[in-house]
Amino acid sequence: MLRFVAVRKRYGRQLALDGVDLDCPSGRTTVLIGPSGCGKSTLLRLAAGLIRADRGEVWFEGAPLAANNLRAARLRMGYMIQEGGLFPHLSVRGNVELMARELGWSAERRRARFSELAELTRLPAALWERYPLELSGGQRQRAALMRALMLDPDLILLDEPLGALDPMIRVELQRELAAIFARLHKTVLMVTHDLAEAVFFGDRLVLMRAGRIVQQGSAQALLQSPAEAFVVDFVNAQRAPQQVLAEVSCGARVRA
Ligand code: ADP
Ligand code: MG
């Protein structure tokens, strides 16, 4: 579905990605984790075609992303940027329906899809005509998620979709999102810096450091057979490493 081949990306003198090979299989959730600045958002921006690699290729559905197929590919992706990125001058409905409107969907079709997504993300009708500034962080995240899902994309790219939420809302939204992904059987590439969250969502975890992939595989493999000392350090630096380890070793969230 989505594949990065020997991808390298520099911003000026800053090397953001240093030769990344990664395969994101269909119908699975791949979670990128790693410390701030390691290149997670850059990888998502490349997948969404917002920036181009200096070297290497990004493949989507059997073809490398290029100028002539980018628009068609983009319409099959839902991308939620870090902090949601809702347009402040548009209401929730305006934000969510924006692309569908541009594509010429009828008002009826837009409304039907909007209502379906509001139900899925449990965004109450009283909030639909509000502007982003009139919403709580959690409500904004839901609206941003609705916008990413509006065109029923095959590939969902989520950059810290639950970042900056208070713990109660975060746990609630984690559960809801995981249920949504399972129900929709979508291919998801998601970024988080929180290992517990990665373990919760991920079929496959990809740990990055300084523009490179350090280790990828199941949460169990990562935690029980760390590829290098950094993996252990990263796990131990988490807020509740013991809790993560216990969760993984009891197999609660580990899938094949
Ligand atoms: P992450 O999402 O893992 O925190 P990013 O992918 O945003 O990391 O950034 C990777 C590296 O590239 C960081 O060192 C960051 O400072 C740098 N970087 C990201 N975007 C830009 C940009 N637009 N201009 C210059 N440097 C950037
Ligand atoms: Mg980031």
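Which fully enclosed strands (runs of 3 or more DSSP E) of region 21-81 have 3 or more residues being assigned by TED's automatic domain parsing to the domain that holds Ala182 and away from ligand 2 (no atom under 16 Å from the Cβ)?
Because the criterion is at least 3 residues that are assigned by TED's automatic domain parsing to the domain that holds Ala182 and away from ligand 2 (no atom under 16 Å from the Cβ), the strands (runs of 3 or more DSSP E) in region 21-81 that meet it are 55-60.
Starting from region 162-179, take each residue that is on the phi < 0 side of the Ramachandran plot and buried (at least 17 other Cβ atoms within 10 Å of the Cβ) and list its partners that are assigned to a helix (DSSP H, G or I) and small (Gly, Ala, Ser), counting only C-beta distances under 6 angstrom and pairs at least six apart or across chains.
Close Cβ pairs satisfying both conditions: Leu165/Gly137; Leu165/Gly138.
Checking the conditions here, which among Ile33, Ile81, Ile51 is within 14 Å of ligand 1 (Cβ to nearest atom), touching a Lys or Arg at 6+ places or on another chain (Cβ under 6 Å) and of a type in the set (A, V, I, L, M, F, W, C)?
Exactly one residue qualifies, and that residue is Ile51.
Would you point out which residue out of Ala112, Ala118 is modelled with pLDDT of 85 or more, assigned to a helix (DSSP H, G or I) and touching a helix residue (DSSP H, G or I) at 6+ places or on another chain (Cβ under 8 Å)?
Ala118
Counting residues that are within 16 Å of ligand 2 (Cβ to nearest atom), which helices (runs of 4 or more DSSP H) fully inside region 166-230 reach at least 3?
Ranges flagged: 195-201.
The values are calculated or read from the model by the stated rules, or taken from the named source; none is laboratory data. All values reported here derive from a predicted model rather than from experimental measurement. Counting neighbours? That spans all protein chains shown, and the Cβs are built from the backbone with ideal geometry, glycine included.
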